[in-house]
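Asks: I have a structure I would like to understand better, so I am pasting it below and will then ask my questions one at a time.
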Amino acid sequence: MSKQETMSSKETRELYAIGIDVGIVSGFAVFDRGEKRLIQVTSLKLFMLLERIRAWANNNEIRVYIENPNTYRRFKGNEKQNSAKMAGSGAVKQTYKHIVELLEYDKIPFTPVSVIGTLKKLDAETFAKYTKWEGKTNEHGRDAAMIVFNR
């Protein structure tokens, strides 16, 4: 029986869930729904990320879950810090826009995900215990993984 056939007949979800934590360097993770495990956790610059998404979409049934920066809340802190954070947020929103444009253009199924309420900012040790991931990670990759882990 193939991985696709092991999913229940009621379930029409794609075999692979791809998580993207949007940033200047974006987190990228792949969760295999058939095997119920992470198979890739990394971070990539935008052009490499777009290539990776296309490569996965060309050979697999995927759904992309992308962190939507438009769900960010206003930053707390002094005005100078707030201004710098808002400028960074603008760059992240632009990156998000480029990724969504590619997904729409290539007709790749995707779901924007609110950043509020997701399990994020896990340290490497906690992440490894929670997900059983044994490879090296950084904060961006771990955040992307948590978007799709067990989804």
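Asks: With θ set to phi - 60°, apply the Karplus curve 6.51 cos²θ - 1.76 cosθ + 1.60 along segment 90-103 and write out the HN-Hα couplings as whole Hz, x wherever there is a Gly or Pro.
Replies: Coupling constants for segment 90-103: x, 5, 5, 4, 5, 4, 4, 4, 5, 5, 4, 4, 5, 4 Hz.
Asks: Explain nothing, just compute: Karplus ³J(HN,Hα) = 6.51 cos²θ - 1.76 cosθ + 1.60, θ = phi - 60°, for every residue of segment 42-49 in order, whole Hz, x for Gly and Pro.
Replies: 7, 9, 9, 6, 3, 5, 6, 4
Asks: For D32 and I116 in one chain, what is 0.36 nm times their gap in residues minus the Cα-Cα distance, to one decimal in nm?
Replies: Gain in length upon complete extension: 27.8 nm.
Asks: Full extension from E104 to A91: what is 0.36 nm times the residue separation minus their Cα-Cα distance, to one decimal in nm?
Replies: Net length gain for the segment: 2.7 nm.
Asks: With respect to the cross-link table entries K107/K136; K93/K121; K36/K93; K93/K129; K93/K136, which display a Cα-Cα separation exceeding 25 Å?
Replies: Over 25 Å Cα-Cα: K107/K136; K36/K93; K93/K129; K93/K136.
Asks: If you stretched the chain out fully between T71 and D123, how much longer would it get, using 0.36 nm times the residue separation minus the C-alpha to C-alpha distance?
Replies: Length gained, T71 through D123: 16.4 nm.
Asks: Moving on. Residue-wise, which Karplus ³J(HN,Hα) couplings in Hz belong to segment 16-28, taking 6.51 cos²θ - 1.76 cosθ + 1.60, θ = phi - 60°, and x for glycine or proline?
Replies: 3J(HN,Hα) across segment 16-28, in whole Hz: 10, 9, 10, x, 10, 9, 6, x, 4, 10, 9, x, 9.
Asks: Amide H to amide H under 5 Å from L15: which residues, 5+ apart in sequence or cross-chain, H placed 1.01 Å off N in plane?
Replies: E61
Asks: Check which residues have an amide H placed less than 5 Å from V115's amide H, if you skip close sequence neighbours.
Replies: Those qualifying (amide H under 5 Å, at least 5 residues apart or on another chain) are N68, T71.
A short reminder: the numbers here are calculations on the coordinates, not readings from a lab. Bear in mind that the values here come from a model prediction, so they are computed numbers and not experimental data.
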